[in-house]
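Report on the structure given below.
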Amino acid sequence: MKYKYTSIDEKEILDIYKSDPNFNSWFKIVKKILHSTEFQKRRLFKHHEYESVWTHCIKVSFESYKFAKKYGYNEYNCAIAGLLHDFYTKAWQDSIELTQLDDKYRDYFIHPRKLKLLEKHGFTHPIDALDNSKKYFRNYLNKDIENAIVTHMFPLSLFTKYKLPNNKTSLILTYIDKKMSTGTLISFKCILKYAGIIIQEKEHN
Ligand SMILES: [Fe+2]
Ligand SMILES: [Fe+2]
């Protein structure tokens, strides 16, 4: 399997951030997760229109970390919650790159079925991401990080059992995630897809 940047990402996000004075302290916290085989697979997950999950999660992690550092909140929590908040297993956008991975990651496209609104990606991926984070990176988690992951889609989280963000890490994450996503959701249709109201059709076999 080849993990390299594809048409999804134009630039290596880590190279861009390396010149930032906060890079080294942030990288110390996240590097083992970033280098893990399972997290590296997120380079092949198309997340928003032209960005992978890998790039999106690094952006949210780094920006949340810097926000926490600047305003005196928990830097570690924000770095880890940002990195793992979209560590879901079922890709919501199909792509050629994804076919390099096991079929389980393309479940939505290999086994298409009609989903009820609350079963769609926008509502379910935070819970999927937490379950997957517990499976691979349990030692990095704590109660605040777990709540941040499952409520990052607030206000959609109100329709799940987790309801409201209940701590400062959660509030920072839901804010930074939206801030970083705004520029990549290039149309109203994208927003509906992101929220799980509509889902992308299968692109290929
Ligand atoms: Fe998300
Ligand atoms: Fe996100």
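The values are calculated or read from the model by the stated rules, or taken from the named source; none is laboratory data. This is a predicted model, so every value here is computed, not measured. Glycine gets a Cβ as well: all are built from the backbone with ideal geometry, and neighbour counts include every protein chain shown. The accessibility values were calculated without ligands, DNA or RNA, using every heavy atom of the protein model including side chains. Shrake-Rupley method; radii C 1.70, N 1.55, O 1.52, S 1.80 Å.
In the assembled protein chains, Thr182 presents an accessible area of approximately 90 Å² (probe radius 1.4 Å). On a per residue basis, region 71-116 carries 45 Å² of accessible surface, using protein heavy atoms and a 1.4 Å probe.
So, taking all protein chains as they sit and a 1.4 Å probe, how much accessible area belongs to Lys178, in Å² rounded to tens? Looks like 80 Å² after rounding. If you sort Tyr88, Tyr136 by accessible surface, 1.4 Å probe, largest first, the order is Tyr136, Tyr88.
Shape of region 17-71 from its Cα gyration tensor (a ≥ b ≥ c, root eigenvalues): rounded if a/c is under 1.5, otherwise prolate when a/b > b/c, or oblate? The shape class here is oblate. Here region 50-95 has an Rg and Dmax of 12.1, 40 Å, counting Cα atoms alone.
Over region 1-131, Cα pairs under 8 Å with separation of 6+ residues give a relative contact order of 23 percent.
With the cut-off at 1.5 for a/c, could you classify region 107-147 from its C-alpha gyration tensor as rounded, prolate or oblate? Oblate, since a/c reaches 1.5 and b/c is not below a/b. What the Cβ-Cβ distance of Ile96 and Leu164 gives, at R0 = 41 Å and to the nearest 0.05, is a FRET efficiency of 0.60. With 22 Å as the limit on Cα-Cα distance, the pairs of Lys59/Lys168; Lys143/Lys179; Lys46/Lys161; Lys46/Lys90; Lys59/Lys114 that go past it are Lys143/Lys179; Lys46/Lys161; Lys59/Lys114.
From the mean inverse distance of alpha carbon pairs (Kirkwood) and the Cα radius of gyration, derive Rg over Rh for region 1-154.
0.96
Measuring nothing but protein heavy atoms, the accessible surface of region 1-147 at 1.4 Å probe radius is 50 percent carbon and sulfur.
Taking amide H atoms as placed 1.01 Å from N in the peptide plane, the amide H of His48 has no partner under 5 Å among residues 5 or more positions away or on other chains.
With contacts taken as Cα pairs under 8 Å at a separation of at least 6 residues, region 66-184 carries a relative contact order of 29 percent.
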